[in-house]
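Novice: Got a structure for you, written out below as structure tokens; questions coming shortly.
The values are calculated or read from the model by the stated rules, or taken from the named source; none is laboratory data. These numbers were taken from a predicted model, which means no experiment stands behind them. Here the Cβ is made from the backbone with ideal geometry for all residues, glycine too, and neighbour counts use every protein chain on show. Keep in mind that these areas ignore ligands, DNA and RNA; they rest on the heavy atoms of the full protein, side chains included. Shrake-Rupley method; radii C 1.70, N 1.55, O 1.52, S 1.80 Å.
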Amino acid sequence: MQTPTLLEMMTRLIGEPSVSCTLPEWDQSNLGVIELLASWLEPLGFQCEILPVPDYPGKANLVATRGSGDGGLVLAGHTDTVPFNAELWQSDPFTLTERDQRFYGLGSCDMKAFFALAIEAIKALDNSELNAPLIILATADEESSMSGARALANSGYPRARYAVVGEPTSLTPVRMHKGIMMESLRIKGRAGHSSNPALGASALDAMHSALGTLLSFRQELQENHQNSAFDVSVPTLNLGCVHGGDNPNRICGQCDLEYDLRPLPGMNIANLREEVDKRLAPIADQFGVELTHEPLFPGVPSFETAKTADLVATAERLTGQASKAVAFATEAPFLQSLGMETIVLGPGSINQAHQPDEYLAFDQIQPSIDLLQQLIQRYCLAPHKESS
């Protein structure tokens, strides 16, 4: 079977719906994308393993391996997209559309096109013997639970020496990003007639105290933790939404808050959650309410690879760009937890992700292919010395 052209691969990947979402009515399987990639990689000499994600029906990871031995390189990406508003698009989100020197389509930059570009780069290696394994890793549900990457990290597989996560960074190496926690605080009070506060226990009064506690904690975090590599140099805590009560003349019986916290590298998610629990606990007794604080999802750790690491130095040299830090989270920490030196580096801009008329500019395509070929040459084809 002949591998399709780059344009054909991009067209078929964009045309294969694979939305992941915490809302069941939006959520879709990613198996169509996984099977397409396997069908293109097998003729290029890759052994393809399709690994179902435990407890997530219809979701799977692909580990495609060519070559063997120690070391090697993983080119990693996610197969899912975010939900979309079709009425806000100028063209069909599932049809690859050429316009204004750009390819438009859902997942064009975030990040299905990365797989097509990686395969295009690999085509030139058809008759090449690899001195170390080359692994194409395609994951499920990065845009919602990161269940695919978590499953791989839990299983300790795959392993190589280096990993590149092809998220859209405009081909600038990223060696650091913040983590993300999304947390829920639910306060159950006791409703009653508002004419007599003793008839109830106000969940809203308790939430007011909880909000103040969280804002004080935010200030303390920002006073004690800074990293000038980030545009926003401090950890952030955003009070996202609050819902409570039903009528002005009833004591509020229930109030819920959802917030996110984005820790800097070096800050531990479990420790942060434990600290919030400790600070919120006295509010329950003070206001006579029940308080439940729990994660909306397990969270994504912050990520950092040393600037002196070989992969960072190589990527900086090949791109001509200094490595940087970003605020958005990726699957990089899960690959790093498998013992791989990891960076985030891919075509397209994060500014085009998660919005109508997502696109990949033409001028990102050939440089991406060239860069991937150079990385494969260094880490899989030719023995190399570590950068000093």
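Novice: State the number of residues belonging to the stretch 65-82 that are assigned to a strand (DSSP E or B), over 17 Å from residue 315 (Cα atoms) and open to solvent by less than 10 Å² (accessible area, probe 1.4 Å).
Specialist: Selection size over the stretch 65-82: 3.
Novice: Any idea which of (1) out of contact with any Leu (no Cβ under 8 Å at 6 or more places or on another chain); (2) open to solvent by 60 Å² or more (accessible area, probe 1.4 Å) is the one residue 330 doesn't satisfy?
Specialist: (2)
Novice: In addition: Got at least one residue in the stretch 335-354 being open to solvent by 30 Å² or more (accessible area, probe 1.4 Å) and in contact with a His (Cβ under 7 Å, 6 or more places away or on another chain)?
Specialist: Within the stretch 335-354, not a single residue is open to solvent by 30 Å² or more (accessible area, probe 1.4 Å) and in contact with a His (Cβ under 7 Å, 6 or more places away or on another chain).
Novice: Would you check if there is a residue in the stretch 341-364 being closer than 21 Å to residue 308 by Cα, out of contact with any Phe, Trp or Tyr (no Cβ under 6 Å at 6 or more places or on another chain) and either at pLDDT below 95 or aromatic (Phe, Trp, Tyr) (or both)?
Specialist: No: the stretch 341-364 contains no residue that is closer than 21 Å to residue 308 by Cα, out of contact with any Phe, Trp or Tyr (no Cβ under 6 Å at 6 or more places or on another chain) and either at pLDDT below 95 or aromatic (Phe, Trp, Tyr) (or both).
Novice: Out of curiosity, is residue 170 out of contact with any strand residue (DSSP E or B) (no Cβ under 8 Å at 6 or more places or on another chain) and modelled with pLDDT under 95?
Specialist: Answer is no for this residue.
Novice: So the check is Cβ under 6 Å with 6+ separation or different chains; which pairs have a first residue in the stretch 138-162 that's of a type in the set (D, E, K, R) and a second one that's part of a loop (DSSP other than H, G, I, E, B) and open to solvent by 20 Å² or more (accessible area, probe 1.4 Å)?
Specialist: What qualifies is 143/82; 161/71.
Novice: If residue 85 passes every condition in (1) open to solvent by 50 Å² or more (accessible area, probe 1.4 Å); (2) of a type outside the set (Ser, Thr, Tyr); (3) closer than 28 Å to residue 342 by Cα but one, which one does it miss?
Specialist: (3)
Novice: Mind checking which residues of the stretch 38-64 are out of contact with any Cys (no Cβ under 8 Å at 6 or more places or on another chain) and surrounded by 18 or more Cβ atoms within 10 Å (Cβ to Cβ)?
Specialist: Across the stretch 38-64, the qualifying residues are 40, 46, 48, 51, 53, 56, 59, 60, 61.
Novice: If residue 42 meets every condition in (1) more than 19 Å from the chain's Cα centre (by Cα); (2) in a loop (DSSP other than H, G, I, E, B) apart from one, which number is that one?
Specialist: (2)
Novice: Among the numbered criteria (1) without any contact (Cβ under 8 Å) to a residue 60 or more places away in the chain; (2) not in a helix (DSSP H, G or I), which one does residue 221 miss?
Specialist: Checking residue 221 against (1) without any contact (Cβ under 8 Å) to a residue 60 or more places away in the chain; (2) not in a helix (DSSP H, G or I), the one that fails is (2).
Novice: Of all residues in the stretch 239-264, how many are among the aliphatic types (A, V, I, L, M) and either open to solvent by less than 30 Å² (accessible area, probe 1.4 Å) or assigned to a loop (DSSP other than H, G, I, E, B) (or both)?
Specialist: 4
Novice: Separate question: I need the full set of residues from the stretch 125-149 which are open to solvent by less than 30 Å² (accessible area, probe 1.4 Å), in contact with a Pro (Cβ under 7 Å, 6 or more places away or on another chain) and modelled with pLDDT under 95, in order please.
Specialist: Selection gives nothing.
Novice: Can you give me the number of residues within the stretch 1-37 that are loosely packed, with under 15 Cβ neighbours inside 10 Å and assigned to a loop (DSSP other than H, G, I, E, B)?
Specialist: 8
Novice: Scan the stretch 265-294 for residues that are in contact (Cβ under 8 Å) with a residue 60 or more places away in the chain, closer than 28 Å to residue 336 by Cβ and open to solvent by 60 Å² or more (accessible area, probe 1.4 Å) and jot them down.
Specialist: 294
Novice: Kindly check whether there is at least one residue in the stretch 104-124 that is modelled with pLDDT under 95, within 20 Å of residue 345 (Cβ to Cβ) and open to solvent by 10 Å² or more (accessible area, probe 1.4 Å).
Specialist: Within the stretch 104-124, one or more residues are modelled with pLDDT under 95, within 20 Å of residue 345 (Cβ to Cβ) and open to solvent by 10 Å² or more (accessible area, probe 1.4 Å).
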